[in-house]
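Everything below concerns the one structure shown next.
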Amino acid sequence: MSEEKTVAASVAMLKVLENWGVDHLYGYPGGSFNSTMAALADEKDRLKYVQIRHEQVGAMAASADAKLTGKLGVAFGSAGPGATNLLTGLYDAREDHAPVLALVGQTGTGVMNSHFFQEFNEDPIFEDVSVYCRTVMTAKSLPHVVDQAIREAYQHRGVAVVIIPNDLGYEQIPDLPYGSHGPSDEKKTPKVQPNAAEIDEFLDMVKKAKRPVFHVGRGIQDGGDAIIALSKKLQIPIVMTGLAKGYIDESYEGNLGMSNRAAHKAADEIMASTDLLITIGADFPFADLIYQTHQFKFVQVDNNRVELGRHHNLDLGIWSDATAFVEAALAKATPVPERAFMQAAIAYNKNWQDYMKRQEDDQTAPIKPAAIYKQINRIAEQDAIFSIDVGDNIINAFRHMHVSKKQKMVISALFASMGTGLPGALAAKLSYPDRQAIQVAGDGAFSMVMQDLITEKKYHLPIINVITSNTTLNFIKSEQDDVAMYHSGIHLADQNFAKIADGMGVEAVEVRDPADLAAAFDRAVEVTKAGRPFLIDVKISDERTLPVEELQLHQEGDHFVEGINPNYNANLELPQPKNVRDFLNSYGGEDLKTLPEFFESYGVKL
């Protein structure tokens, strides 16, 4: 009888990943993970190991992989600090519903529970962040557990964690096809459809409303054109969540942009005036603030029944795929005559867009962030991928960066972790090697992960890195502006990021004069097209951008009045505005009008 063919359990585990279509994973080696490192060497022709310089970067990159592709992202860390370093990236994946597998090292079974070096009970550490968490008990079960973990990550769109005692990975087990992935797993999930009664009730509520507004999230997916058609047919302006950017054509005059702090002025105030808010596929983390400004009827459409009514009392909840709902409503709706509210919203949006264009064209020193995004828009290829780090760049990207349907944008949305710009760009270039990758990060965020600029160099990843440097945590500084306190902890020591990049072998340039921006971005394109990463260190102004969230709308009799949040500039660091006109002028908004002015011009009645 022939001897049974065997394979190391760790190799069998990696073959499961390959079976599921994983072609790369991120991690940093440690003694407690050596059995898997040995397997990665064996499987190097089929599975690419990407050596990052901090496990947090690996987990963030895996999360970005999943967000960009919808496919499983994979990262690993060894026992002890290698394991705990994964957590920030894994929480980012959890909050943004990204399927990620984390492989975690553990000391060998022979010394477990003996207070051995770097040994601790890892299960409770990962229980909260994960939808599935298991410690492998036998070598033969290792590939089975990993296979199940992948299914759980996909099923629940979350994090699955497998903890692997190091010695088990070395053991020989039968060389069998352990992975369960098959053609059936490639089927598209059936879309939940609305019923006729729900569409009728929705259309009846729209008919009775005077100021209806769509608030559309990333659930719209491929339904961007359909929601625009419905907006035109029912005369309802669109406000987007940040994650919907790129799904809905931003050149459409009825697309007002984002609300809240990273907002467009028109979107913020139109939403504050609505009497019927219709949220479609939107998981809006600031809803408990923005949805409570005044009374309105509330319709929510979501394919996840758990989301219905989470952030506001429902007048109508519809369990449905967002695009399926929009298409059904579009088919049944009859055109609404031109609505004064819609025309006022369009005019208001045009007024705001003109203001943003002036900001982008501003060539005064120090460099204004909007001018940087003008250059990004100019050099971005039609299928570019943008990775935007947390901070003021979120505000400026939402306002000034153009993202088309063919392009992609990745951010840390609900967890909002700084330091995700560079990992997101790594993921973009590894998942889509033929597409342009651009990351934008402030000096505070980039400082957290800049060691992994060397990862771009090591793996020849031609990424354009744009660092906006003003030696200030400006997003937090703006928050402290509106609290009766001294600015505290927000000033950063200056760094020459171009020289740091040069020390890593990455070509770079520092820009201080607005006139030099175009040449710097042209050089970035030239270098990255030649297959090398490039860094632009832009020294920018620390001036606060127009905080539209500080404007407040309230009803007086039959009209709205616009005012300023009484907490604005509570620390008196800025000139104190006397009124709304003075407030707008202080941010270069002399030509900006208020919503009540547009309502009066277009005869909008309350």
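Looking at region 325-332, can you tell me whether even one residue there is farther than 30 Å from Phe598 by Cα and open to solvent by less than 10 Å² (accessible area, probe 1.4 Å)? Yes, there is a match, as at least one residue in region 325-332 is farther than 30 Å from Phe598 by Cα and open to solvent by less than 10 Å² (accessible area, probe 1.4 Å). Quick check: is even one residue across region 70-84 closer than 14 Å to Asp23 by Cα, in contact with a Ser or Thr (Cβ under 6 Å, 6 or more places away or on another chain) and either surrounded by fewer than 19 Cβ atoms within 10 Å (Cβ to Cβ) or free of Cβ contacts under 8 Å to residues at least 12 places away in the same chain (or both)? Checked against the condition, which is being closer than 14 Å to Asp23 by Cα, in contact with a Ser or Thr (Cβ under 6 Å, 6 or more places away or on another chain) and either surrounded by fewer than 19 Cβ atoms within 10 Å (Cβ to Cβ) or free of Cβ contacts under 8 Å to residues at least 12 places away in the same chain (or both), region 70-84 yields no hits at all. Ala493 falls short of the stated requirement of being free of Cβ contacts under 8 Å to residues at least 60 places away in the same chain and buried (at least 20 other Cβ atoms within 10 Å of the Cβ). Considering only region 191-213, I want to know if a residue exists there that is part of a strand (DSSP E or B) and within 30 Å of the chain's Cα centre (by Cα). Scanning region 191-213 turns up at least one residue that is part of a strand (DSSP E or B) and within 30 Å of the chain's Cα centre (by Cα).
Could you please let me know if Leu314 is closer than 28 Å to Asp200 by Cβ, touching a residue at least 12 places away in the same chain (Cβ under 8 Å) and assigned to a helix (DSSP H, G or I)? No: the conditions fail for Leu314.
Taking strands (runs of 3 or more DSSP E) as the structural unit, those lying wholly within region 1-68 and holding at least 3 residues that are in contact with a Leu (Cβ under 8 Å, 6 or more places away or on another chain) correspond to 24-27, 48-51. Within the span defined as region 508-528, every residue fails to be within 30 Å of Ser273 (Cα to Cα) and either surrounded by fewer than 15 Cβ atoms within 10 Å (Cβ to Cβ) or not aromatic (Phe, Trp, Tyr) (or both).
Filtering region 553-580 to residues that are surrounded by fewer than 17 Cβ atoms within 10 Å (Cβ to Cβ) and assigned to a strand (DSSP E or B) leaves His554, Gln555, Glu556, His559, Val561, Gly563.
Taking the options Ser231, Ser184, name whichever one is at pLDDT below 95 and either in contact with a Lys or Arg (Cβ under 9 Å, 6 or more places away or on another chain) or not in a strand (DSSP E or B) (or both). Result: Ser184 is the single residue among Ser231, Ser184 that is at pLDDT below 95 and either in contact with a Lys or Arg (Cβ under 9 Å, 6 or more places away or on another chain) or not in a strand (DSSP E or B) (or both).
Here Ser488 meets the list (1) open to solvent by 60 Å² or more (accessible area, probe 1.4 Å); (2) under 27 Å from the mean Cα position of the chain (by Cα) almost entirely, failing just condition (2). Within region 236-247, can one find any residue that is open to solvent by less than 20 Å² (accessible area, probe 1.4 Å), modelled with pLDDT of 95 or more and over 19 Å from Asp321 (Cα atoms)? Yes, because at least one residue in region 236-247 is open to solvent by less than 20 Å² (accessible area, probe 1.4 Å), modelled with pLDDT of 95 or more and over 19 Å from Asp321 (Cα atoms).
Just to be sure, is Gln193 at pLDDT below 95 and open to solvent by 20 Å² or more (accessible area, probe 1.4 Å)? In short, no.
The values are calculated or read from the model by the stated rules, or taken from the named source; none is laboratory data. Just so we're clear, the structure is a prediction, and the values are computed from it rather than from any experiment. All Cβ positions, glycine included, derive from the backbone under ideal geometry; neighbour counts span all protein chains shown. Surface areas here come from the heavy atoms of the whole protein model, side chains and all, with no ligands, DNA or RNA. Shrake-Rupley method; radii C 1.70, N 1.55, O 1.52, S 1.80 Å.
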